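Structure, as structure tokens:
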Amino acid sequence: MKRTVFPNRVLPYLLVLPQVLVTLVFFFWPAGKSLYLSVFKSPPFGGRDVYVGLDNFSALLTSPEYYTSVINSFVFSALVTALAVGGGLIVASLANQKIRGLAIYRSALLWPYGIAPAVAGIIFLFIFHPAYGILPYFLSFVTTYDFNWLLKGWIAMTLVVLATAWTHVGYNIAFFLAGLQGIPGSVLEAASVDGAGPIRKYTAIVFPLISPVTFYLVVVNMVFAFFNAFGVIHAVTKGGPGGATEIMVYKLWNDGFIGLNLGSSAAQSVILMAVVVGLTMLQFKYAEKKVTY
């Protein structure tokens, strides 16, 4: 392997300097500021910060509302991850078949990833809205049940889960397609000669070979659901009804920017980061053992 040698020893550091600055300014500095504010009581309209130690964390850990947001976050993340990864795998498997116009279909499948979460939320709002939504209108012909997400929490959660998973399923399809196309055709042909059916080939050959992609997407989708679902929830439910869709990232924004409780909001961001890091470490420790490299 040929080694690249730069004529100027300073040049490599200059090349990585922009990325280092972006990371410092947009990640480490906000994270450090949140950690600082989490142990202070900060006046919302200026003034001197008052050191309160772990009081902000104690108040959160004794708040039933905060525990509700934690439970909502875990349920929401699990549903979004399962739906986005599972749906992406199924659609990618169908898009991997040899049919006419396949390139057009693949491009159309990737389009949802380019839609902003807030816009996706508005699209699903028009589908689910009890007054002018398309879905409630057609359901009214087959059932008398009122599918009103403004009043029923589980319907509101279903709405934001579907909208969030839809925005990320195109990303998963792209990675699964790459993984499926990397499987040698000779392996599948040999399995067919040995008498393996489609299900047997998929469970014994295809899925183990794409397990690294699957593991990566599970981790990415989980992090995405914890952090990047704010746009959908804010555009559609605003955490309602009755806090049924108020996940951790939305509650910390609501307490910080609406309630102006900066110390509590900062403490919540620290806890959220710790939860996501902890879940990611657990996945790397236990789930990665089942990955076939």
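Here are the numbers for the structure shown:
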quantity	calculated
Rg(Cα)/(2.2 N^0.38 Å) for region 225-293, N = residue count	1.38
For region 91-246, fraction of C-alpha pairs farther apart than 24 Å, in %	50 percent
Principal axes of region 130-171: Cα extent on each, largest first, Å	37, 20, 16
Relative contact order (%) - the chain, alpha-carbon pairs under 8 angstrom, separation at least six	28 percent
Prolate/oblate/rounded label for region 81-125 (Cα gyration tensor, a/c 1.5)	oblate
Percent of Cα-Cα distances greater than 37 Å, calculated over the chain	31 percent
Dipole of region 1-128 [Lys/Arg +1, Asp/Glu -1 at C-beta], most positive-end residue of 127, 83, 104	104
Residue 40 long-range amide H proximity, modeled H, under 5 Å	52
Probe 1.4 Å, accessible area per residue of region 93-249, Å²	52 Å²
Prolate/oblate/rounded label for region 1-98 (Cα gyration tensor, a/c 1.5)	oblate
Cross-link pairs beyond the 29 Å C-alpha cut-off, checked among 152/289; 201/289; 98/201	152/289
Cα gyration tensor, region 162-293 - rounded (a/c under 1.5), prolate or oblate	prolate
Cα-only radius of gyration and Dmax that characterise region 16-174, units Å	22.0, 68
Trypsin sites (Lys or Arg not before Pro) within region 41-107, DSSP loop, no more than 14 other Cβ atoms inside 10 Å	48, 98, 100
Accessible area of region 250-289 divided out per residue, in Å², using a probe of 1.4 angstrom	51 Å²
Helix runs (DSSP H) in the chain reaching 20 Å along axis by Cα, Kyte-Doolittle at least 0.0	64-95, 153-181, 211-227, 262-286
For region 129-219, convex hull of alpha carbons as volume per residue, Å³	157 Å³
Region 95-187: relative contact order as a whole-number percent, Cα under 8 Å and 6+ apart	38 percent
The chain, accessible surface, carbon-and-sulfur percent (1.4 angstrom probe)	71 percent
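The values are calculated or read from the model by the stated rules, or taken from the named source; none is laboratory data. Quantities reported herein were computed from a predicted structural model and do not represent experimental measurements. No Cβ is skipped: glycine too gets one built from the backbone with ideal geometry, and neighbour counts run over all protein chains shown. These area figures cover heavy atoms from the full protein model, side chains too; ligands, DNA and RNA do not enter into them. Shrake-Rupley method; radii C 1.70, N 1.55, O 1.52, S 1.80 Å.
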